[in-house]
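Heads up: the structure comes next, in structure tokens.
The values are calculated or read from the model by the stated rules, or taken from the named source; none is laboratory data. Just so you know, these numbers come straight off a predicted model, no measurement behind them. Positions of Cβ are backbone-derived with ideal geometry, glycine not excepted, and every protein chain shown enters the neighbour counts. Areas reflect the complete protein model, heavy atoms only, side chains present, ligands, DNA and RNA absent. Shrake-Rupley method; radii C 1.70, N 1.55, O 1.52, S 1.80 Å.
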Amino acid sequence: GVFPYVMLVVSMTYFEPEWPVQFWRFLQRRADCWDSLPRMPFKRGSKLSLWQKTVVAMLASFMAWQTLYPLRHWTYPGAVVWTEEGHRFS
């Protein structure tokens, strides 16, 4: 539903009037902080460790699941509204 989005917008009425300015300054300070960090050199052809490969595989499978699971209703025959197969999370 739309309730969480409405509440996020409505909750701003309880903030101080200066909150957008303070928030913008906070974001600018955070952006400046990233510029001062030393850069890690990227070695072309560097191999991933087993742990890194496992993490990448888990993240890729999670992202694939989150992308494809809501689209499963297209694989069921008939109207999803009538049969309600695959209707949830779609």
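General observations
- At a probe radius of 1.4 angstrom, the accessible area of segment 35-79 per residue rounds to 102 square angstrom.
- Look at the dipole of the chain built from charges on Cβ: of Ser36, Ala79, Gln22, the Cα furthest out on the positive end belongs to Ser36.
- Take the Cβ atoms of Ala31 and Glu84, set R0 to 41 Å, and the FRET efficiency comes out at 0.30.
- Remark: the chain projects, on average over all directions, an area of 11.7 nm² (convex hull of Cα atoms).
- Taking every Cα-Cα distance in segment 38-78 and sorting them into 10 Å bins from zero, the calculated P(r) comes out as 23, 27, 25, 15, 8, 2 percent.
- The chain: calculated mean residue ellipticity at 222 nm from DSSP helix runs of at least 4, using -39500 (n - 2.57): -16500 deg cm²/dmol
- Along the axis of the charge dipole computed for segment 1-86 (Cβ charges of +1 for Lys and Arg, -1 for Asp and Glu, origin at the Cα centre), the listed residues Val56, Leu68, Pro4 are led at the positive end by Val56.
- Electrostatic dipole magnitude of segment 8-54 [Cβ: Lys, Arg +1; Asp, Glu -1; Cα centre; debye, to 20]: 640 debye
- Helix runs (DSSP H) in the chain reaching 24 Å along axis by Cα, Kyte-Doolittle at least -1.0: 19-35, 50-68
- Assuming charge only on the beta carbon of Lys and Arg (+1) and of Asp and Glu (-1), the dipole of the chain about its Cα centre is about 720 debye to the nearest 20.
- Protein accessible area in segment 1-49, 1.4 Å probe - carbon and sulfur %: 67 percent
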